[in-house]
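Visitor: A single structure is presented below for examination.
The values are calculated or read from the model by the stated rules, or taken from the named source; none is laboratory data. These numbers were taken from a predicted model, which means no experiment stands behind them. All Cβ positions, glycine included, derive from the backbone under ideal geometry; neighbour counts span all protein chains shown. When the accessible area is computed, the model is the full protein with side chains, heavy atoms only, and any ligands, DNA or RNA have been set aside. Shrake-Rupley method; radii C 1.70, N 1.55, O 1.52, S 1.80 Å.
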Amino acid sequence: MLGRVTQVMSWFASPDDAGRRLGEAGYLADAATATTAYLAGALEKPLLVEGPAGVGKTELAKAVARATGADLVRLQCYEGLDEARALYEWNYKKQLLRIQADQGSADGASWEETHDDIFTEEFLLTRPLLTAIRRDEPTVLLVDEVDKADVEVEGLLLEVLSDFQVTIPELGTVAAVRRPLVVLTSNRTRELSEAVKRRCLFLHLDYPTAERERAIVTGQVPDLDDRIAGQLVATIGRLRDLDLKKAPSIAESVDWARTLVALQIEDLDEAAVDQTLGVVLKHASDQAKAVRELKLRS
Ligand SMILES: Nc1ncnc2c1ncn2[C@@H]1O[C@H](COP(=O)(O)OP(=O)(O)O)[C@@H](O)[C@H]1O
Ligand SMILES: [Mg+2]
């Protein structure tokens, strides 16, 4: 039957297809993002997405999963994340119980038998990286905020990202049954190693154009009045130009839109901006600067 030639799921058929399906999944991608998402699937290469907080890095991975019907496996990185949390660990408690049970039994299993027994599948606790590798259903593996993990974690990632396999000394090498589409995100609090970068496609995400941001905001807050949406993205743009400690992100634009709807604000004038500034700016010094520069109080 035509169209059934291949059993292998392709992620996206083309950059346009990626853009369209991401859009249907609620993610408005620009051309570069759609193209890179397509390539990540077509080339089976991990995608490293870098950029400031709140520009849609994590959401891109989730949207790829939604758009393709894949499941999302997420590894959230943090300082101190180790192999036992990222890859796998042995279930010591259960192993101990088995050892005790073996020793207590009448026919008394030999230590060799017990040892072979407790380093098997049954006693393995799989963590996100191993889970993603072993799934035979389509999977998006999100390795979120890699820059927050210690450098050593990149060593772990390398094996997974380059060979799509994991070596467990007691069990052997587990190779991917089906390659997951891998998305790594970074806020760039530190540079990732060249070795990791070499294996990835790279996408830099930044604040969207006013037009795209308006579409994102009205897409998520359909009740927002059209004129206010225009005022909102324009004001957000001016705030981003102010050289603040923390510029407002897309997430804050969306929050602001929800706030304006909840408060039934009909005109985003200086007074309304002043009154709701806490939704958008989270530092006192940033608020003070905005009040001054945007002349919110006369
Ligand atoms: N292109 C986009 N289309 C739709 N929503 C977006 C887009 N980019 C960002 N968002 C919204 O912004 C929010 C924050 O994005 P997120 O992915 O969490 O940022 P980060 O870059 O910090 O990971 C998301 O929950 C989503 O609602
Ligand atoms: Mg994120």
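Visitor: If residue 185 passes every condition in (1) more than 11 Å from ligand 1 (Cβ to nearest atom); (2) closer than 30 Å to residue 90 by Cα; (3) surrounded by 14 or more Cβ atoms within 10 Å (Cβ to Cβ) but one, which one does it miss?
Guide: (1)
Visitor: When the stretch 26-52 is examined, which residues are found to be in a loop (DSSP other than H, G, I, E, B) and either in contact with a strand residue (DSSP E or B) (Cβ under 9 Å, 6 or more places away or on another chain) or away from ligand 2 (no atom under 13 Å from the Cβ) (or both)? I'd like the intermediate steps shown before the answer.
Guide: Of the residues in the stretch 26-52, the ones in a loop (DSSP other than H, G, I, E, B) are 26-30, 43-46, 51-52.
Hits for the stretch 26-52 are 26, 27, 28, 29, 30, 43, 44, 45, 46, 51.
Visitor: Out of all the residues in the stretch 169-181, is one or more within 16 Å of ligand 1 (Cβ to nearest atom), assigned to a loop (DSSP other than H, G, I, E, B) and among the β-branched types (Val, Ile, Thr)? If you could, list the steps in order and put the result at the bottom.
Guide: Residues of the stretch 169-181 that are within 16 Å of ligand 1 (Cβ to nearest atom), as a first pass: none.
No: zero hits.
Visitor: Which number in (1) within 11 Å of ligand 1 (Cβ to nearest atom); (2) buried (at least 18 other Cβ atoms within 10 Å of the Cβ) marks the one condition that residue 15 misses?
Guide: With respect to (1) within 11 Å of ligand 1 (Cβ to nearest atom); (2) buried (at least 18 other Cβ atoms within 10 Å of the Cβ), residue 15 is out only on (1).
Visitor: Does the stretch 140-161 include one or more residues that are buried (at least 17 other Cβ atoms within 10 Å of the Cβ), among the aliphatic types (A, V, I, L, M) and assigned to a loop (DSSP other than H, G, I, E, B)?
Guide: Looking through the stretch 140-161, at least one residue is buried (at least 17 other Cβ atoms within 10 Å of the Cβ), among the aliphatic types (A, V, I, L, M) and assigned to a loop (DSSP other than H, G, I, E, B).
Visitor: Quick one: how many residues across the stretch 11-25 are in a loop (DSSP other than H, G, I, E, B) and of a type outside the set (S, T, N, Q)? Steps first, answer last, please.
Guide: Step one: list which residues in the stretch 11-25 are in a loop (DSSP other than H, G, I, E, B), which gives 11-14, 25.
Now narrow it down to the ones that are of a type outside the set (S, T, N, Q): 11-13, 25.
Qualifying residue count, the stretch 11-25: 4.
One line per residue, one yes/no per condition, for (1) assigned to a loop (DSSP other than H, G, I, E, B); (2) away from ligand 1 (no atom under 13 Å from the Cβ); (3) within 26 Å of residue 19 (Cα to Cα); (4) open to solvent by less than 60 Å² (accessible area, probe 1.4 Å):
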| site | (1), (2), (3), (4) |
| --- | --- |
| 54 | yes, no, yes, yes |
| 94 | no, yes, no, no |
| 103 | no, yes, no, no |
| 117 | no, yes, no, yes |
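Visitor: Ok, one more. Scan the stretch 112-152 for residues that are more than 16 Å from ligand 2 (Cβ to nearest atom) and within 16 Å of residue 183 (Cβ to Cβ) and jot them down. Walk me through how you get there before you give the answer.
Guide: Going residue by residue through the stretch 112-152, those that are more than 16 Å from ligand 2 (Cβ to nearest atom) are 112-127, 129-139, 150-152.
Across the stretch 112-152, the qualifying residues are 129, 131, 132, 133, 135, 138, 139.
Visitor: Another question about this same structure. Can you name the number of the only condition in (1) among the small types (Gly, Ala, Ser); (2) under 22 Å from residue 59 (Cβ atoms); (3) part of a loop (DSSP other than H, G, I, E, B) that residue 298 fails?
Guide: Unmet condition: (2).
Visitor: In this structure, is residue 229 more than 14 Å from residue 157 (Cα to Cα), open to solvent by less than 40 Å² (accessible area, probe 1.4 Å), not aromatic (Phe, Trp, Tyr) and not in a loop (DSSP other than H, G, I, E, B)? Write out each step before concluding.
Guide: Values: more than 14 Å from residue 157 (Cα to Cα): yes; open to solvent by less than 40 Å² (accessible area, probe 1.4 Å): yes; not aromatic (Phe, Trp, Tyr): yes; not in a loop (DSSP other than H, G, I, E, B): yes.
Taking the combined requirement at face value, the residue satisfies it.
Visitor: I want to confirm something. Restricting to the stretch 83-92 and keeping residues that are surrounded by 15 or more Cβ atoms within 10 Å (Cβ to Cβ) and among the aromatic types (Phe, Trp, Tyr), which single residue is farthest from the chain's Cα centre (by Cα)?
Guide: So the residue we want is 90.
Visitor: Being open to solvent by 60 Å² or more (accessible area, probe 1.4 Å) and either more than 22 Å from residue 178 (Cα to Cα) or within 16 Å of ligand 2 (Cβ to nearest atom) (or both) is the filter here; which residues of the stretch 67-82 pass it? Give the derivation first.
Guide: So the first thing to find is which residues in the stretch 67-82 are open to solvent by 60 Å² or more (accessible area, probe 1.4 Å), and the list is 69, 71-72, 74, 76, 78-79, 82.
If the condition is that a residue be open to solvent by 60 Å² or more (accessible area, probe 1.4 Å) and either more than 22 Å from residue 178 (Cα to Cα) or within 16 Å of ligand 2 (Cβ to nearest atom) (or both), then 72, 74, 76, 78, 79, 82 are the ones that fit.
Visitor: Given the conditions (1) in a helix (DSSP H, G or I); (2) under 30 Å from residue 188 (Cα atoms); (3) open to solvent by 40 Å² or more (accessible area, probe 1.4 Å), and given that residue 60 satisfies all but one, which numbered condition is not satisfied?
Guide: Just one mismatch for residue 60, condition (3).
Yes or no, residue by residue, for (1) within 24 Å of the chain's Cα centre (by Cα); (2) of a type in the set (A, V, I, L, M):
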position	(1), (2)
219	yes, no
250	yes, yes
260	no, yes
263	no, yes
268	no, yes
271	no, yes
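Visitor: Let me ask you something else. State which residue pairs qualify: first residue more than 12 Å from ligand 1 (Cβ to nearest atom) and inside the stretch 236-262, second residue assigned to a helix (DSSP H, G or I) and of a type in the set (Ser, Thr, Tyr) in any location, beta carbons under 6 Å apart, and separation of 6 or more residues or different chains.
Guide: 236/253; 259/276
Visitor: Search the stretch 164-182 for residues being among the charged types (D, E, K, R) and surrounded by 13 or more Cβ atoms within 10 Å (Cβ to Cβ), and hand back the single one that is nearest to ligand 2 (Cβ to nearest atom). Outline the logic, then answer.
Guide: Taking the stretch 164-182 first, the residues among the charged types (D, E, K, R) are 170, 178-179.
Adding the requirement that they be surrounded by 13 or more Cβ atoms within 10 Å (Cβ to Cβ) leaves 178-179.
Numbers: 178: 26, 179: 23 Å.
Among those that are among the charged types (D, E, K, R) and surrounded by 13 or more Cβ atoms within 10 Å (Cβ to Cβ), it is 179.
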